1. Using only the alpha-carbon atoms of the range 232-349 as identical scatterers, what base-10 log of I(q)/I(0) does the Debye formula give at q = 0.20, 0.22 Å⁻¹?
2. Charges only on Cβ, +1 for Lys and Arg, -1 for Asp and Glu: so what's the dipole of the range 146-240 about the Cα centre, in debye to the nearest 20?
3. For the pairs K278/K435; K103/K278; K28/K59; K341/K435; K311/K341, flag any whose C-alpha to C-alpha distance is greater than 27 Å.
4. Relative contact order (percent) for the range 553-633, with alpha-carbon contacts under 8 angstrom and 6 or more residues of separation?
5. Can you pull out the GluC sites (Glu not before Pro) in the range 213-299 that DSSP calls coil and that have at most 12 other Cβ atoms within 10 Å?
6. Please enumerate, by chain and number, the lysines with C-alpha under 22 Å from the C-alpha of K198, excluding those fewer than 8 residues away in the same chain.
7. Extending each Cα 7 Å along its Cβ direction at M495 and K575, get the distance between those two points in nm, one decimal.
8. Could you line up Y235, Y453, Y297 from fewest to most neighbouring Cβ atoms inside 10 Å?
Amino acid sequence: MNENTFKQLEFHRIQEEITKYALTDSGKKLVQSLSPSFNKKQIAAWLDEVTEAAAILSKSESVPIHALDGIEIILNQMNKGTALRPDQFQKLLLFLDCCQKLKRFMKDKEFIAPRVSSYVYSIEELPDLFEEIQRCIRNGRVDDYASKELLKVRKQISIQEDRLKEKVTSMIKSNKYKSYIQEAVVSLRGDRYVIPVKKEYKGKVKGAVLDTSASGSTLYIEPEEVGLQQDQLLYLRMEEESEAESVLLYLTGLVQQREKELKLAVEVMINYDLLFAKAKYSRAIGGRSVDLNESHYILLKNAKHPLIGKKAVPLNLELGKDFHALLITGPNTGGKNVSIKTVGLLTIMVQCGIHIPVDEGSHISIFQKVLLDIGDGQSLQQNLSTFSSHIKNIIGILQEANDRSMILMDELGSGTDPGEGMGLATAVLQKLYAKGATLLATTHYSEIKEFAYREEGFTNGSMEFNLETLEPTYRLIVGRGGDSQAFSIALKLGMHPEIIETAHMVTYKTEMKYRSDADQDGFPSRKELEKQVMVNRHARRHREDKVNSKETIPQFTMGDNVKVTPAGDFGIIEKGPDNMGNYSVFIKGEKKEINHKRLELYISSREMYPEDYDFDIIFKSKDYRKKSNQMNRRHDENTIISYENE
């Protein structure tokens, strides 16, 4: 997988969405570093983990996996000869407490999530370390009772400070210094007690000037009488600092002894953060796990593009069973690009262990490479035209492609002379298919659509277009090529039918009658028109196929029960095949024209019906059969039977 694949399929946006659900910085980094795996067992394990994590979230939204921030930095400082600081020990306390809570939390989830809950057994609670840190560190500092020596020196400091403060206060209030003092307030300068003396009386108070006021009118003097006591206090504070540092070194040593267990706990916690971030994202998009294979088989049931969300039109696609190459046609903005991007993005998501928004029973194949030629790729700096950039990209794809590759190509052969572009596109498709790659491509060339009809392993697909509203429905129909709908749209918008008939003759070399909505004088209906357009468009191709095609069309007989792929519907053969290999099939009360490639014999008519069975019972209406019986018994001038168009 190259960076261009991730960029074009917008996989980074998927990572950003999952990152929003991660609770820790380390978990967010892990999400950003997600990359596809090619190991089926590993991918299946990842997906199963997310499934279990989602089940846990359905029982309890609050999972205790916080308190990780800064822990990795703390552990990385180990064995460097320095002691951890009190605030760092406070973070370790929170982390150890979180580990205990997580073990209790997962203990209750063993039934619904046996795999995920078992990971917590890698975490050791370390109660001795927890209790010792809690005893020695309180309120962000080393506690007085952390050691006897520290308690003793702090008591001495407290006594010395009280004596000093009392001494300085008495000096300020004494009559000896009263007239020299600026204000009767005891101040501290650099942890030493001073008295504020008026500048003009500097010589009246013996001692060291430690500071002056902003105006210079006040001097802050440390009286000579308390200097010695302040030196003693300073010494006690140095002793206190030394004792506190000894406690911190002692605690750091305890942490170092448990460094391995702590790092393992951190790793497990971070992986839990990633796992539950995936699970929360899965719940947000309606995701689920899928069946995996390595045989190029893809079955998407009501798949949605995760970045489009609820507005996305479901995609239904089966690829890799009867064909391995799908060419999608249809009008611009009809959803062709989104369809192939959806397949590529969902494949990468699954291989990264991420649930995807599909219905149950969907399948995804594992690919080593997903290669793309999507977008114009024009580079002003390199002075490459759109066509040149496409060709450069396709050359790279041809070099990299193999039988473990999925190739997504948008508007194949565009950007140059249509004749040459069509020929080049056909040759590229044949070469990629020969390499064993799975192909999904979009095109406007009718010749490429004809190529897909006759080429083994290829099939056409189209994006549905509503001629009534003149809007695309964004639904993919596999098994038939789409039309640009130019003639139908022009007719709908009011262009004279004669102009369109002339255009039809120029394009397809056959005559065709068109009518507007206002005409009611025997022209074909719009439904018949669309059908006839398809017949005429492919007339020349099928004449050539009769001569050149080596394909054997299966011979179904009237009454055969057949299965229609990929929808899975069952129908009954009425007639066929025509020169395009299409059969008339009776499905759910309607007659539909379906290509033989999509039909599989389920039960033959010989097994279902007696030899003299009247198939009019199935294919003809009740009124038709009644009139037919009357005509068989006697001639009736008033009875008229209308035959359906063959």
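1. -1.15, -1.26
2. Values: 18 positive and 14 negative charges, 60 e Å.
Once rounded to the nearest 20, the dipole reads 280 debye.
3. K278/K435
4. On the way: 115 pairs, mean separation 21.5, N = 81.
In percent, rounded to a whole number, it is 27.
5. Working: sites: E224, E225, E239, E240, E241, E243, E245, E259, E261, E267, E294; in loops: E294.
In loop regions of the range 213-299 (DSSP not H, G, I, E or B), the sparsely surrounded GluC sites (Glu not before Pro) are E294.
6. By straight Cα distance, K198 reaches K165, K167, K173, K176, K178, K206.
7. With each label point 7 Å from Cα toward Cβ, the separation is 3.3 nm.
8. Working: Y235 14, Y453 22, Y297 17.
Exposure proxy ranking, most exposed first: Y235, Y297, Y453.
Taken together, the values in this text are just the output of simple stated rules run on the coordinates, not laboratory data. Everything quoted here is computed from the prediction, not taken from an experiment. In this analysis, Cβ positions are derived from the backbone assuming ideal geometry, glycine residues included, and neighbour counts consider all displayed protein chains.
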